[in-house]
1. How much of the pair distance distribution for segment 513-575 lies past 17 Å, counting alpha-carbon pairs only, in percent?
2. Starting at 0 and stepping by 10 Å, how many percent of the alpha carbon pairs of segment 224-269 end up in each bin?
3. When 1/r is averaged over all different Cα pairs and the result inverted, which Kirkwood radius in Å belongs to the chain?
4. State the Cα centre-to-centre distance between segment 160-183 and segment 301-347 in whole Å.
5. Expressed as a whole percent, how much of the Cα-Cα distance distribution for segment 72-297 exceeds 23 Å?
6. Arrange the following residues from fewest to most other Cβ atoms within 10 Å of their Cβ: 35, 550, 502.
7. Mean projection of the alpha-carbon convex hull of segment 301-492 over all orientations, in nm²?
8. Among 553, 290, what is the fewest-to-most ranking by other Cβ atoms within 10 Å?
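All of the numbers you see were taken from the coordinates with simple rules; none came from a lab. Because the structure is predicted, anything quoted here is derived from the model rather than measured. Heads up, the Cβs are rebuilt from the backbone with ideal geometry, glycines too, and the neighbour counts pull from every protein chain shown.
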């Protein structure tokens, strides 16, 4: 499928809203109709699909089913929360605003609190913002999924952060209204209303909040939400949960969920700062104006589709060859590079070294709570030069990420060092129209790079420019890493095939995915999943009687758990045979399609069933060739390892 062949149909934009579309799933777990065939798309087509999904964030409310980012109820709640923040800014004694979340949500909590504490410092004000991320600061740069399941750890971390405080506005972020870590924190707030005012940010309707029992607790996430709904009427608790549509890759909340989280938090805190320090009233019009500035930000990448497609293609080729992609960033854009790289491991089953981020200044620039995190978490440009650069060649992709306000001479020096080892050097940078500063140095950087994507913003620049640069960069990096892994074959249709099964949410998602793709009963799918986790063909009583936390703990050291389980379900083969088949055809999207065609599946069109030969099964060469001819374009044939 070439980029020119895919068009965004209005019906597909809204199809997920139907009550009959995947009715058993919450919005955050549904598959997006726009990206059903993203695994067979060209790089240009992938870029356009992802942009169409992002645009769903700003769809207008249609009926009473789902409220949206700019729905009246959402805007009114944002105003009320901003007023709570304003009160703390005006009288910060013994007060704190805490942002907390797991994975992407916690990383964005860190990014936003860092930015607004810097803004306070520039005004000679004391910091009032604090962040919590499940798993501690190591989770800023690596997958630490297990703590998400621990509500008591969430409570403890909140108590420690707020020790001695008499007034706390707590903003808990859980895109799917599902994380036990955050549920525990919200429950603590509800038990101590004299200190805490809880705010919940997520992207499912409240009735879709997770209702599974939490081990060791008397509450579920849904019961916590229901208690908050009762208190919301008297503004003793707040719920901000617009629907932004299913993710482009099902369940990958790092994408729209992360972007919408950043938008909502920045809208609230910006309005509060303007009210506290420039006497600008918090109004509906002001909130909407800020929202529309972000909506316009989504249009910027669309003007650079050709350049984005080329970069995505380059990143995909590096990963296909078993090489790496490195982000070298400056300032907050460097933080976004670190964040995007960290998310590839749990989302795509990537190796930690496949996609890496590095930031100018390292931990001195980051200023995280725990400071330097040891030799396993080297994040500075100096670390890159000493530990990574010597092993690079032309098959490794390096991307420079910066703005005109960064030290462009420093960018040029680093570009020259990288260019000595690899020609596969690229740049993405932001500038304001008409700004000619550092033009000569930028020209030199352009000459060193295979490609340079210059993103020009209208002049005069607005006060929101840095936040817009960040959102634009986040969208771009999400598209780059997602598209590269699609090209590598890590996605089937629009499902993560190689996700890590390291917490209860991912365990349930993996079971549902196996059920959907195999057509087998849930019990049989869970059985296959456990066999892949424990690497056995027969489950023992000890395994089947263990709880999910035991299974997910074991799964932390496993790879290709879901693909192995699915091959076993589809073929009835042993784990050893499944591993062999995956070695023969590591691109799982091709593996899955070829299995069905190779078996002459009667659900396939007659032209694909191969009636003129005797099918030899999964690796039948006749069926493989027919599949390659009819399911892939010549451009895509290199992705089919025959």
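1. Tail fraction, whole percent: 33.
2. Using 10 Å bins, I get a P(r) of 24, 36, 34, 5 for segment 224-269.
3. About 25.5 Å for the chain.
4. A separation of 31 Å, based on Cα centres.
5. 43
6. Listing 35, 550, 502 from fewest to most nearby Cβ atoms yields 550, 502, 35.
7. The directionally averaged projection comes out at 10.9 nm².
8. 553, 290
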